[in-house]
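The values are calculated or read from the model by the stated rules, or taken from the named source; none is laboratory data. Note that the coordinates shown come from a computational prediction; the quantities given were computed from them, not determined experimentally. No Cβ is skipped: glycine too gets one built from the backbone with ideal geometry, and neighbour counts run over all protein chains shown.
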Amino acid sequence: MQDRLFRDILPRVSKPIRYTGNELNVIKKNWESSRVKMVFAFPDVYEVGMSHIGGRILYGLINETTDHLLERSFAPWPDMEKLMREEGIPLYALESYRPLADFEVVGFSLQYELSATNILNMLDLAGIPVFSRERTDEDPLVLAGGPVAFNPEPFCDFFDMFMIGDGEEALPELLDEVERVRKLPRQEKLRQLAKVEGIYVPSLYKVAYDDDGSLASMEPLYPDVPRRVRKRIVANLDEAYYPDNPILPYMTVVHDRAVLEVMRGCQRGCRFCHAGMVYRPVREKSVETLQRQARAQLENTGYEEVSLASLSTLDYTGVDQLVKGLIEEHGSKGVGVALPSLRVDAFSIDLANEVQKVRKTTLTLAPEAGTQRLRDVINKNVTQEQLYDAVKAAFQSGWRAVKLYFMIGLPTETQEDLDGILQLLEEVKRIGNQYSRRSVEIRSSMACFVPKAHTPFQWQPQNSIEELQEKISYMTRFRRKGIKLSFHDSRVSFLEGIIARGDRRLGQVIYNAWKNGAIFDGWSEYFHFEHWQKALEESGLDPAFYVSRNRSYDELLPWDFIDSGVTKAYLRHENDKAQRGETTMDCRQEDCTGCGVCPSFEVEIDLRGGSERAHQS
Amino acid sequence: MRIRAEYSIGPELRFLSNLDTMHMMERALRRAKIPFALSEGFNPHIRLSMGTVLPVGLWGKKEYFDLELQQPMPPGELCEALNKVLPAGAHIVQAREIERNAPSLMKAVNCAAYGFILQMSQEEISRICQNILNAEKLLISSWGKKKGVDKDLRKGIYNIDIQPYEEFFCLMIWVGAGEPLNIRYDEIVDLLQQQGVPPQAILDVFREGNYIRIDEELYSPLER
């Protein structure tokens with residue numbers, strides 16, 4: 001297999017190094033002596049998948065700390081896929097070059113709604129039936145986890161089970177169980193696996209719909225199947241497994257550096273943010289742990305940069321001490337520190353100045369909305385002054401370009417808010433002209449708001465493609481020298497929106513879209529809206545039902561049975577406050593906001609960075 | 001201190017691009033804690049310069065890089081330390097100190113040898129070699145910057161030889177590299193096909209080495 005790939009196949013494809021494996025720090029376990037054989041499948045190309053921290057954690061965790069085995073597989077680029085199909089080469093894992101069908105478990109990472117078609121394509125390339133109901137005892141168990149699995153329903157047709165929440169908690173236990181129930185018939189096996197906390201087996205539930213199309217009921221088929229599926233939580237992140245020996249890819253991957261996860265979760269409470277709701281509560285690592293992990297990773301990889309990852313790294317209470325410590329220890333060896341996301345305030349800029357050894361090219365900030373009113377609605381607790389102070393500090397210390405992220409189509413948005421974005425951009429440009437010696441460039445990227453399950457905005461309607469296009473053409477009329485606007489594709493956001501709050505009936509849409517030729521939908525060069533449009537028509541489902549409708553508080557939502565720890569009452573309260581333009585503070589600074597996660601999971605927010613300074617924003 | 005090292009890239013690493021190989025070396029230098037020199041400026045990088053680009057898909061027996069050290073280190077120790085941390089398939093063969101002002105690899109190397117392992121009889125291969133050496137002009141469509149323009153390879157072909165290679169024969173060809181005349185390996189492939197080598201007869205291609213050619217004599221970059 002390997003010989004054939006190297007001789008006949010790989011010389012004919014672009015970037016063949018994607019498909020060879022054998023990187024430094026790869027783990028090749030003995031096939032025969034490993035207990036459960038699982039493959040971690042990432043539904044995008046190698047350089048995207050290898051940048052994902054969750055995959056790095058699970059790979060090390062299973063291979064280093066258990067007797068099970070976890071190999072890797074990624075979506076082949078279309079040129080490689082074509083050759084594989086022509087030459088009859090099944091999708092294989094990079095460690096053993098074995099076909100995916102040889103594994104007992106195939107686990108997909110669901111990071112993005114539109115990666116669905118790539119998943120179907122990978123299963124098909126692997127010779128595994130794409131529909132769960134068509135798989136037999138001989139086929140692998142097909143699993144999915146990751147943030148998108150918090151609303152698993154649109155993907156039910158394709159997965160035998162889902163893993164909800166922190167994978168390092170659930171996966172070792174799940175694999176032990178898979179081994180224990182190995183001899184049972186498939187459906188019986190799945191029924192046993194559904195007892196593992198955090199595991200959802202869709203075929204064990206019966207779903208009924210009302211005449212208006214909304215969900216009427218969702219009932220377990222057997223009394224021993226849980227009515228609600230609770231997410232898993234790593235209670236102590238500081239002591240949790242983290243890989244000291246990550247794989248060092250040969251090719252340049254998207255995030256080609258050592259990565260530290262400084263904390264998990266975020267409690268700023270932005271009302272549009274899915275990750276901010278489902279990954280509660282905040283759990284930090286200590287500065288000592290992070291310094292030790294940085295040292296180990298740098299020694300074992302030789303990377304020239306270490307990045308501090310989390311949902312909001314500047315909120316980590318030890319960020320100042322950690323950054324200074326890392327620079328002191330590794331800076332003289334030419335190792336840099338990267339802060340992937342900056343908070344909108346002057347403290348962030350000061351810290352960024354310290355780590356920015358590279359030329360100060362582009363500073364990225366995310367005010368999200370153009371007026372204070374709308375920022376209050378979404379609970380993005382950033383004031384105009386904070387933003388202008390941050391920008392002023394940046395231009396004064398030599399930055400020459402600023403990139404600003406906004407969303408259009410937010411709940412309650414009016415033309416004033418769109419004008420607000422434009423005025424804000426002009427003001428930032430004016431500050432740049434005043435404080436920078438050279439001409440400055442302002443870039444702004446406008447995403448289309450997509451309401452997500454498990455957030456306070458889960459009941460809100462999403463703007464239609466037409467509404468969004470109108471807003472986009474209104475805004476593009478604005479032209480100023482040195483200010484560039486770019487917009488996300490409103491059709492892509494529309495499809496994301498359908499799946500983000502979809503139900504089981506969408507399985508046929510996803511399947512038909514793939515049959516029509518949809519693949520790599522997240523890549524603009526491969527995105528073809530017509531494949532999806534046709535699939536929607538074929539299904540007879542009304543897309544407006546999923547995206548444009550105002551859902552009532554009484555409605556049973558398809559993802560209600562997934563227990564993220566945050567109560568529906570809290571989400572509802574937050575949605576009500578949003579309508580009144582009231583903000584909610586971060587519970588680390590003020591009182592508990594009553595989201596429900598701590599009492600429900602008997603956990604607490606866990607702050608270990610030590611400094612109070614980073615609390616203030 | 002300036003070091004020039006000779007290394008090999010095995011068949012398992014044949015799909016690395018030049019940038020990939022450079023990153024692999026830089027990271028190995030860091031893991032091995034080699035006392036490399038860093039460049040000045042905002043974004044310091046290791047003072048490492050790679051020789052001529054090994055095309056993606058080829059493995060190489062004698063490739064070269066130059067490295068500046070901040071503190072002296074015996075070249076033998078450097079080879080040993082790097083070989084401990086390099087992935088299987090990459091190997092430092094030898095290294096030596098060179099003059100601080102010695103010409104760079106890119107300037108010095110002007111000849112490369114490629115080996116084509118062919119599934120053909122010795123007679124067929126030697127006939128092709130003779131044809132090539134006897135030709136006055138060998139026009140092929142250029143793969144380089146002037147893509148599609150006819151290019152005469154003859155002046156850039158210095159020698160051809162046939163050697164036994166396992167149960168097959170290897171056609172070894174020495175060609176111009178860099179300045180003044182650069183012959184790309186894919187141009188040689190075109191030439192061989194033009195001369196009657198069927199594509200499926202080429203079992204493997206590797207770069208045997210890089211040389212400094214002076215008055216028709218070949219020297220290793222470590223000698224000059």
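Could you grab me the full set of residues in segment A:369-382 that are under 22 Å from the mean Cα position of the chain (by Cα) and at pLDDT 95 or above? Break it down stepwise before answering.
From segment A:369-382, those under 22 Å from the mean Cα position of the chain (by Cα) are A:369, A:378-380; that's our starting set.
Result: A:A369, A:I378, A:N379.
Here are some conditions: (1) under 25 Å from A:H330 (Cβ atoms); (2) touching a residue at least 24 places away in the same chain (Cβ under 8 Å). B:A108 meets all but one. Which one does it not meet?
The failed condition is (1).
For segment A:245-303, give me each residue that is of a type in the set (S, T, Y), part of a loop (DSSP other than H, G, I, E, B) and within 14 Å of chain B (Cβ to nearest Cβ). Lay out the reasoning, then the answer.
Residues of segment A:245-303 that are of a type in the set (S, T, Y), as a first pass: A:250, A:252, A:279, A:286, A:289, A:301, A:303.
Then keep just the ones that are part of a loop (DSSP other than H, G, I, E, B); that gives A:250, A:252, A:279, A:286, A:303.
If the condition is that a residue be of a type in the set (S, T, Y), part of a loop (DSSP other than H, G, I, E, B) and within 14 Å of chain B (Cβ to nearest Cβ), then A:Y250, A:T252, A:Y303 are the ones that fit.
How many residues does segment A:115-136 contain that are β-branched (V, I, T) and either surrounded by fewer than 16 Cβ atoms within 10 Å (Cβ to Cβ) or more than 15 Å from A:N512 (Cα to Cα) (or both)? Walk me through how you get there before you give the answer.
As a first pass, look at segment A:115-136 and keep what is β-branched (V, I, T): A:117, A:119, A:128, A:130, A:136.
Remaining after also requiring either surrounded by fewer than 16 Cβ atoms within 10 Å (Cβ to Cβ) or more than 15 Å from A:N512 (Cα to Cα) (or both): A:128, A:136.
Matching residues across segment A:115-136 total 2.
If you check A:K15 against the conditions, is it surrounded by fewer than 20 Cβ atoms within 10 Å (Cβ to Cβ) and either not β-branched (V, I, T) or not assigned by TED's automatic domain parsing to the domain that holds A:R135 (or both)?
Numbers: surrounded by fewer than 20 Cβ atoms within 10 Å (Cβ to Cβ): yes; either not β-branched (V, I, T) or not assigned by TED's automatic domain parsing to the domain that holds A:R135 (or both): yes.
Yes; evaluated as a whole, the condition is true for this residue.
Determine whether B:R96 is in contact (Cβ under 8 Å) with a residue 60 or more places away in the chain and touching a strand residue (DSSP E or B) at 6+ places or on another chain (Cβ under 7 Å). Let's see the steps before the verdict.
Numbers: in contact (Cβ under 8 Å) with a residue 60 or more places away in the chain: yes; touching a strand residue (DSSP E or B) at 6+ places or on another chain (Cβ under 7 Å): yes.
Judged against the criteria, B:R96 is a match.
Exactly one of (1) crowded, with 22+ Cβ neighbours inside 10 Å; (2) within 19 Å of A:S132 (Cβ to Cβ) is unmet by A:Y222. Its number?
Of everything listed in (1) crowded, with 22+ Cβ neighbours inside 10 Å; (2) within 19 Å of A:S132 (Cβ to Cβ), A:Y222 misses just condition (1).
Tell me which of these A:E413 doesn't satisfy, since it passes every other one: (1) assigned to a helix (DSSP H, G or I); (2) touching a Phe, Trp or Tyr at 6+ places or on another chain (Cβ under 9 Å); (3) of a type in the set (D, E, K, R).
(1)
Out of (1) farther than 30 Å from A:G331 by Cβ; (2) surrounded by fewer than 20 Cβ atoms within 10 Å (Cβ to Cβ); (3) of a type outside the set (A, V, I, L, M, F, W, C), what's the single condition that is false for B:E63?
With respect to (1) farther than 30 Å from A:G331 by Cβ; (2) surrounded by fewer than 20 Cβ atoms within 10 Å (Cβ to Cβ); (3) of a type outside the set (A, V, I, L, M, F, W, C), B:E63 is out only on (2).
Show the residue pairs that are 6+ apart or on different chains and have beta-carbon atoms under 9 Å apart, the first residue being within segment B:121-142 and among the aliphatic types (A, V, I, L, M), the second being loosely packed, with under 11 Cβ neighbours inside 10 Å.
Pairs found: B:L139/B:D150; B:I140/B:D150.
Please find, among B:G144, B:G196, B:G178, the residue that is of a type in the set (G, A, S) and modelled with pLDDT of 90 or more.
On the way: B:G144 fails: modelled with pLDDT of 90 or more; B:G178 fails: modelled with pLDDT of 90 or more.
It is B:G196.
Of the conditions (1) over 13 Å from A:S73 (Cβ atoms); (2) crowded, with 18+ Cβ neighbours inside 10 Å; (3) within 14 Å of chain B (Cβ to nearest Cβ), A:K29 clears all except one; give me its number.
(3)
I need the helices (runs of 4 or more DSSP H) fully contained in segment B:17-136, keeping only those with at least 3 residues that are in contact with a helix residue (DSSP H, G or I) (Cβ under 8 Å, 6 or more places away or on another chain) and within 14 Å of chain A (Cβ to nearest Cβ). Before the answer, list the steps.
Working: elements: B:18-31, B:75-85, B:105-108, B:122-134.
The helices (runs of 4 or more DSSP H) meeting that bar are B:18-31.
Would you pick out the residues in segment A:419-440 that are in a helix (DSSP H, G or I) and touching a helix residue (DSSP H, G or I) at 6+ places or on another chain (Cβ under 6 Å)?
Initially, segment A:419-440 is screened for residues in a helix (DSSP H, G or I), giving A:419-435.
Hits for segment A:419-440 are A:V428, A:I431, A:G432, A:Y435.
Output the residues belonging to segment A:364-404 that are over 30 Å from A:W459 (Cα atoms), surrounded by 23 or more Cβ atoms within 10 Å (Cβ to Cβ) and among the aliphatic types (A, V, I, L, M).
A:A390, A:V391, A:A394, A:V402
Can you tell me which residue among B:V85, B:V93, B:V53 is of a type in the set (A, V, I, L, M, F, W, C), within 20 Å of B:F206 (Cβ to Cβ) and out of contact with any Asp or Glu (no Cβ under 8 Å at 6 or more places or on another chain)? Show your work before the answer.
Working: B:V85 fails: within 20 Å of B:F206 (Cβ to Cβ); B:V93 fails: out of contact with any Asp or Glu (no Cβ under 8 Å at 6 or more places or on another chain).
One residue alone meets the criteria, B:V53.
Please go through segment A:466-481 and pick out each residue that is part of a loop (DSSP other than H, G, I, E, B) and among the charged types (D, E, K, R). Give the derivation first.
The initial filter retains those residues of segment A:466-481 that are part of a loop (DSSP other than H, G, I, E, B), namely A:477-479, A:481.
Hits for segment A:466-481 are A:R477, A:R479, A:K481.
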